[in-house]
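Undergrad: Take this structure, written in structure tokens, and hold onto it; I'll ask about it next.
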Amino acid sequence: MTAQIDAPRAKRIDPKYNRARKSRNNFEMMAWLFMRLSGVVLVVLIFGHLISNLLVGQGVHAIDFGFVAGKWASPLWQIWDLAMLWLAMLHGTNGVRTIINDYAEKDRTRFWLKTVLYVVAAFTVLLGTMVIFTFDPCISETVAKSVAQCGAGA
Amino acid sequence: MWSWVGHRVTGVVIFFFLLVHVLDTALVRVDPGAYDAVISAYKNPLMAIGEFGLVAAIMFHAFNGLRLILVDFLKQGPKIQRQLFWTVMVVWVVAVVGFGARHLTLAFTGGGH
């Protein structure tokens, strides 16, 4: 382990090209704090997600449409998954934003990489949110036959 | 330095999986059969090895992230960062072995299928 990886942007960029302008707000500090706060919450949310989906019962073999319908019948798991989606996407997007800022040195490259990142992140968060809020268990015939909510037995 | 490299690499890997995972889960809104078909791919033993790697990455990122928080917020944090790092490695190995034993057994024995 003799290889040394310099800290990003260290030494290689002449100080006169330093892109840091005087910031008028504390966005970067709030982002730093958000990473730590969301990180702690995500450890709980994601470990709970992995335990309930992969460790208990038949593990991954139990997962199918009916399994998802069963979980989202409970508001607890709806809120759990919604919080996990938003926090994980914001945490991950901010992490990748930091990496882009560190390694993409051309202004245009940085701008376009971050634009793509934000578009993909917004699409994913909105798609996931829409799926959780508009999920309909009755589109599955198997579920529809057994759940009163879908008119089974009526 | 290596824990910092590991944190970045695992973070990026987890982020890309998350994008795919939201897309595959979104199929529950479209068609139950399509969702079941895609999820059955996750039950194949080869994928189980990939899932094992992913969960190992998640656990490293989680435990090392908690270590970063302790280093940042504890008064004694920076002084004990090396001990914390080895604690993270021990907890990580134990957790990964435990998860691997359970998940890979399920995957390779078919879990009753």
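Undergrad: Any chance you could count how many residues in the range A:69-107 are in contact (Cβ under 8 Å) with a residue 60 or more places away in the chain and among the aromatic types (Phe, Trp, Tyr)?
TA: Count: 2.
Undergrad: Among the residues of the range A:108-154, which ones are among the hydroxyl-bearing types (Ser, Thr, Tyr) and touching a residue at least 60 places away in the same chain (Cβ under 8 Å)?
TA: A:140, A:142
Undergrad: A further question follows. Filtering the range A:110-154 down to residues that are open to solvent by 40 Å² or more (accessible area, probe 1.4 Å) and charged (D, E, K, R), which residue is nearest to residue B:30 (Cα to Cα)?
TA: A:136
Undergrad: Taking into account only those residues within the range B:35-50 that are of a type in the set (A, V, I, L, M, F, W, C) and open to solvent by 30 Å² or more (accessible area, probe 1.4 Å), which is nearest to the chain's Cα centre (by Cα)?
TA: Looking at residues that are of a type in the set (A, V, I, L, M, F, W, C) and open to solvent by 30 Å² or more (accessible area, probe 1.4 Å), I get B:49.
Undergrad: Looking at residue A:57 and the list (1) over 21 Å from the mean Cα position of the chain (by Cα); (2) part of a helix (DSSP H, G or I), which single condition is not satisfied?
TA: It is condition (2) that residue A:57 fails.
Undergrad: With the condition kept exactly as written, say whether any residue in the range B:77-85 is open to solvent by less than 50 Å² (accessible area, probe 1.4 Å) and in contact (Cβ under 8 Å) with a residue 12 or more places away in the chain.
TA: Scanning the range B:77-85, I find at least one residue that is open to solvent by less than 50 Å² (accessible area, probe 1.4 Å) and in contact (Cβ under 8 Å) with a residue 12 or more places away in the chain, so the answer is yes.
Undergrad: Next question. State whether the residues of the range B:86-97 include one that is within 11 Å of another protein chain (Cβ to nearest Cβ) and open to solvent by 30 Å² or more (accessible area, probe 1.4 Å).
TA: no
Undergrad: Out of B:30, B:55, I need the residue that is facing chain A (nearest Cβ under 9 Å), β-branched (Val, Ile, Thr) and farther than 23 Å from residue A:45 by Cα. Which one?
TA: Testing whether each residue is facing chain A (nearest Cβ under 9 Å), β-branched (Val, Ile, Thr) and farther than 23 Å from residue A:45 by Cα leaves just B:30.
Undergrad: Being out of contact with any Phe, Trp or Tyr (no Cβ under 8 Å at 6 or more places or on another chain), open to solvent by less than 30 Å² (accessible area, probe 1.4 Å) and at the interface with another protein chain (Cβ under 8 Å from one of its Cβ atoms) is the filter here, so list the residues in the range A:80-109 that pass it.
TA: Across the range A:80-109, the qualifying residues are A:85, A:88, A:89.
Undergrad: Could you check, for the range A:33-43, whether at least one of its residues is outside any loop (DSSP other than H, G, I, E, B), touching an Asp or Glu at 6+ places or on another chain (Cβ under 9 Å) and surrounded by 13 or more Cβ atoms within 10 Å (Cβ to Cβ)?
TA: Within the range A:33-43 (the criterion being outside any loop (DSSP other than H, G, I, E, B), touching an Asp or Glu at 6+ places or on another chain (Cβ under 9 Å) and surrounded by 13 or more Cβ atoms within 10 Å (Cβ to Cβ)), the answer is yes, since at least one residue qualifies.
Undergrad: What are the residues in the range A:75-105 that are among the small types (Gly, Ala, Ser) and not in a helix (DSSP H, G or I), if any?
TA: A:104
Undergrad: Continuing with this model, one more query. Can you tell me which of B:108, B:63, B:16 is facing chain A (nearest Cβ under 10 Å) and open to solvent by 70 Å² or more (accessible area, probe 1.4 Å)?
TA: B:16
Undergrad: Further, regarding this structure: Given (1) touching a helix residue (DSSP H, G or I) at 6+ places or on another chain (Cβ under 8 Å); (2) within 7 Å of chain A (Cβ to nearest Cβ); (3) within 30 Å of residue B:83 (Cβ to Cβ), where does residue B:1 come up short, assuming only one miss?
TA: (1)
Undergrad: A follow-up question, please. On the given criteria, is residue A:147 at the interface with chain B (Cβ under 10 Å from one of its Cβ atoms) and not small (Gly, Ala, Ser)?
TA: Considered against the rule, which asks whether it is at the interface with chain B (Cβ under 10 Å from one of its Cβ atoms) and not small (Gly, Ala, Ser), residue A:147 comes out as no.
Undergrad: If residue A:77 satisfies all but one of (1) within 24 Å of residue B:33 (Cβ to Cβ); (2) open to solvent by 60 Å² or more (accessible area, probe 1.4 Å); (3) more than 10 Å from chain B (Cβ to nearest Cβ), what's the number of the condition it fails?
TA: Failing condition for residue A:77: (2).
The values are calculated or read from the model by the stated rules, or taken from the named source; none is laboratory data. Here the structure is a predicted model, which is why all the values come from computation and not from measurement. Note: ideal-geometry Cβ built from the backbone for every residue, glycine included; neighbour counts use all protein chains shown. Side chains are part of the model used for accessible areas, which takes the heavy atoms of the whole protein and leaves out ligands, DNA and RNA. Shrake-Rupley method; radii C 1.70, N 1.55, O 1.52, S 1.80 Å.
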